[in-house]
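A.B. asks: Structure in structure tokens, see below.
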Amino acid sequence: MTKVLVTGAAGFIGSHVARHLVDMGFEVVALDDLSGGFVENVPQGAQWVQMSVTDYAGLQRLFAAESFDYVFHLAAYAAEGLSHFIRRYNYETNLIAT
């Protein structure tokens, strides 16, 4: 079976992508740190992992334990009006983590 990682899976777009992939029969690992999403958004049938994409060691362990065929990287911090106040946080979360 095809195994897929969806980051940001508790957010609006990530949860819809994860749900569609589960419905298509893929084995889905849903990852999110819940900084902007809700665990209730994660579809049934997906394996839930609460983790930040900035947790490099945790991601290394996850990738070592799982053999992902595809990764949908949809985790990001989106607060356009606040972006200039939290530049470093956005840089670390949206750029370095990617």
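A short reminder: the numbers here are calculations on the coordinates, not readings from a lab. Owing to the predicted nature of the structure, the values given are computational and were not obtained by experimental measurement. Neighbour counts run over all protein chains shown; Cβ positions are idealised from the backbone, glycine included.
A.B. asks: Give, as residue ranges, the strands (runs of 3 or more DSSP E) completely inside the chain that count at least 1 residues that are acidic (D, E) and surrounded by 12 or more Cβ atoms within 10 Å (Cβ to Cβ).
C.D. replies: Of the strands (runs of 3 or more DSSP E) lying wholly inside the chain, those with at least 1 residues that are acidic (D, E) and surrounded by 12 or more Cβ atoms within 10 Å (Cβ to Cβ) span 27-32.
A.B. asks: Among the residues of the stretch 10-41, what is the count of those that are touching a residue at least 60 places away in the same chain (Cβ under 8 Å) and farther than 15 Å from A97 by Cβ?
C.D. replies: Here the count works out to 1.
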